[in-house]
Amino acid sequence: MFQRLLIANRGEIALRVIRACRELGVESVAVYSSADRDAAYLDLADQAICIGPPSAADSYLSIKHLISAAELGNVQAIHPGYGFLSESAHFAEVCRSCNIAFVGPSEEAIRKLGDKVTARSIAQEGKVPTVPGSDGLVTDENKAVELAEKIGYPVLIKATAGGGGKGMRVARNDIALKAGLKAASQEAEKAFSNAGVYLEKYIEKARHVEVQVIADTHGNAIHLWERDCSMQRKHQKLVEESPAPALPASVRKELCAAAVRMVKTAGYYNAGTVEFLLDVRDNKFYFIEVNARIQVEHPVTELVTGVDLVKEQIRVAAGEKLELKQKNVPCNGSAIEVRINAEDPANDFRGCPGKITALRVPGGPGVRWDSHVYAGYSVPPYYDSLIGKLLVHRATREEAIATMKRALAEFHVEGVKTTIPLLREIIANETFRDGTMDTTFVERTF
Ligand code: ADP
């Protein structure tokens with residue numbers, strides 16, 4: 001096991017990794033930009049090193065600064081968290097070339113899976129169902145029209161380097177497709193310096209169901225069941241839960257098995273998530289992408305399985321074999337997470353940075369609160385607006401919903417606007433209660 005580990009991240013996930021290190025007996029080195037200088041979680045690490053000014057490009061995204069901090073902190077490993085450099089193949093490569101273990105998959109796996117067209121072909125090789133669409137990139141608009149007519153409109157134009165919903169466009173006819181190809185490709189070039197786009201059939205009513213996996217460097221790979229993340233706004237997840245409601249047992253089994261095949265075919269190790277769309281009409285599922293990192297919503301899986309995913313990540317990165325066997329991974333009860341962001345619902349959910357002047361967080365049976373904030377903490381304007389993740393775990397989904405309702409009612413925050421009012425409405429909604437939502441539900445309803 002490592003003696004010291006650096007956390008190349010901030011906020012709640014930095015604190016989450018500090019906690020895992022402490023329990024493993026690994027010393028942690030936190031880093032911070034000058035905007036995060038006063039954050040209290042830094043005191044919980046064994047050392048904290050300033051890595052630059054507020055701008056992420058000069059701090060949390062600066063490989064140079066992070067590697068210098070790693071040298072200074074004398075660490076043997078770096079945990080990248082999520083966001084920032086967590087899916088940078090280059091960062092993983094630099095870490096390893098400096099003899100520092102990267103807590104994540106190999107750079108080859110990150111590179112291959114980060115390209116959606118390549119990921120699609122790996123899925124096909126592993127007999128994992130993909131959405132009907134183009135074989136590879138679309139370069140000729142006439143061929144694209146021919147293909148769209150064959151698979152049937154509507155189609156979705158997607159950027160191969162895409163992320164965060166950028167470079168995606170729905171086309172419902174030939175004219176929209178031709179215009180959309182140009183626009184999506186320009187947007188992708190601008191956002192990702194890669195203009196490559198491809199086509200998928202657009203599944204109008206789909207659920208987002210993803211499977212948590214973990215694999216070691218000795219060829220063992222297991223799944224830790226699924227999460228439903230269909231409650232989204234602008235492709236950003238708001239509510240996540242496990243197990244996925246109203247999912248037939250046979251589909252669930254197939255889905256989880258497909259995720260493990262995907263990981264094995266890609267030669268993937270460490271924690272990851274295989275994302276699928278589930279067509280609500282026929283419960284057929286299709287691979288969409290692999291997230292090659294720990295995800296925001298990982299605690300949902302921790303609650304139902306009892307597995308500490310961050311500790312497992314660190315163990316796997318240290319070269320240990322997975323002790324957990326597939327048949328011993330339980331899925332107990334029902335867990336739900338809501339993401340609490342400092343955003344202004346009255347102003348199109350723009351980030352609402354500022355000082356939290358009062359805070360009372362819920363507790364009691366079945367409640368977990370993963371957060372780095374407290375009364376007096378100032379939410380900086382430079383980074384994402386997540387201030388915490390509220391989770392509940394109960395024996396049944398019905399009870400979990402009741403506990404979440406109660407916990408959200410107890411929540412009291414002053415000084416910044418938050419997503420709490422929207423979350424209260426979602427949790428109280430009948431469609432959510434029935435588990436019959438799809439990814440367009442939030443935007444159609446609220
Ligand atoms: P990104 O990497 O930009 O987040 P994804 O491929 O993960 O892109 O897709 C993000 C979201 O877009 C999905 O959760 C789903 O809501 C929607 N989506 C993606 N592909 C399709 C599709 N073929 N049909 C319908 N919706 C889709």
Residue match in segment 375-394 (condition: of a type in the set (Ser, Thr, Tyr), crowded, with 20+ Cβ neighbours inside 10 Å and touching a Cys at 6+ places or on another chain (Cβ under 8 Å)): yes
Segment 425-437 residues that are touching a residue at least 24 places away in the same chain (Cβ under 8 Å), paired with ones that are in a loop (DSSP other than H, G, I, E, B) (beta carbon under 6 Å, 6 or more apart): Gly435/Pro245; Gly435/Ala246
Residue match in segment 439-446 (condition: within 16 Å of the ligand (Cβ to nearest atom), acidic (Asp, Glu) and surrounded by fewer than 21 Cβ atoms within 10 Å (Cβ to Cβ)): yes
Among residues of segment 304-360, those that are part of a loop (DSSP other than H, G, I, E, B) and within 20 Å of Arg394 (Cα to Cα), counted: 8
Residue list for segment 276-303, restricted to those being aliphatic (A, V, I, L, M) and either surrounded by 23 or more Cβ atoms within 10 Å (Cβ to Cβ) or under 18 Å from the mean Cα position of the chain (by Cα) (or both): Leu277, Leu278, Ile288, Val290, Ala292, Ile294, Val296, Val300, Leu303
Residue count for segment 142-173, restricted to those that are part of a loop (DSSP other than H, G, I, E, B) and either away from the ligand (no atom under 12 Å from the Cβ) or surrounded by 14 or more Cβ atoms within 10 Å (Cβ to Cβ) (or both): 12
Qualifying positions in segment 213-243 - in a loop (DSSP other than H, G, I, E, B) and more than 16 Å from the ligand (Cβ to nearest atom): Asp216, Thr217, His218, Gly219, Asn220, Pro243
Selection count, segment 328-379, where residues are in contact with a Pro (Cβ under 6 Å, 6 or more places away or on another chain) and of a type in the set (A, V, I, L, M): 1
Phe102 vs. criteria within 27 Å of Pro54 (Cβ to Cβ) and touching a Leu at 6+ places or on another chain (Cβ under 9 Å): no
Number of the condition not met by Ser59 [criteria: (1) buried (at least 21 other Cβ atoms within 10 Å of the Cβ); (2) out of contact with any Gly (no Cβ under 8 Å at 6 or more places or on another chain); (3) within 21 Å of Pro353 (Cα to Cα); (4) without any contact (Cβ under 8 Å) to a residue 40 or more places away in the chain]: (2)
Residue match in segment 408-431 (condition: of a type in the set (A, V, I, L, M), surrounded by 18 or more Cβ atoms within 10 Å (Cβ to Cβ) and part of a loop (DSSP other than H, G, I, E, B)): yes
Among residues of segment 208-236, those that are under 28 Å from Leu137 (Cβ atoms) and surrounded by 22 or more Cβ atoms within 10 Å (Cβ to Cβ), counted: 6
Criterion (in a loop (DSSP other than H, G, I, E, B), surrounded by fewer than 21 Cβ atoms within 10 Å (Cβ to Cβ) and not β-branched (Val, Ile, Thr)) met by exactly one of Ala176, Ala191, Ala246: Ala246
Segment 276-303, residues that are part of a loop (DSSP other than H, G, I, E, B) and within 16 Å of the ligand (Cβ to nearest atom): Val280, Arg281, Asp282, Asn283, Lys284, Ala292, Arg293, Gln295, Val296, Glu297
Every pair of residues 6+ apart whose Cβ atoms lie under 8 Å, when the first sits in segment 152-175 and is among the polar types (S, T, N, Q) while the second is near the ligand (Cβ under 8 Å from one of its atoms): Thr160/Lys116
Meets criteria (of a type outside the set (Val, Ile, Thr) and either farther than 19 Å from Asn291 by Cα or more than 10 Å from the ligand (Cβ to nearest atom) (or both)) for Lys182: yes
Residue within segment 116-128 that is modelled with pLDDT of 95 or more and under 30 Å from Glu12 (Cβ atoms) present: yes
Number of the exception - Leu199 against (1) under 25 Å from Leu255 (Cα atoms); (2) within 14 Å of the ligand (Cβ to nearest atom); (3) loosely packed, with under 14 Cβ neighbours inside 10 Å: (3)
Residue check for Gly133: under 21 Å from Glu289 (Cβ atoms), of a type in the set (Gly, Ala, Ser), surrounded by fewer than 18 Cβ atoms within 10 Å (Cβ to Cβ) and at pLDDT 95 or above: no
Where Thr139 falls short, out of the listed (1) within 12 Å of Tyr198 (Cβ to Cβ); (2) over 19 Å from the mean Cα position of the chain (by Cα); (3) within 15 Å of the ligand (Cβ to nearest atom): (3)
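The values are calculated or read from the model by the stated rules, or taken from the named source; none is laboratory data. From a predicted model like this one, the values you see are computed outputs, not experimental measurements. Backbone-built Cβ (ideal geometry, glycine too); neighbour counts: all protein chains shown.
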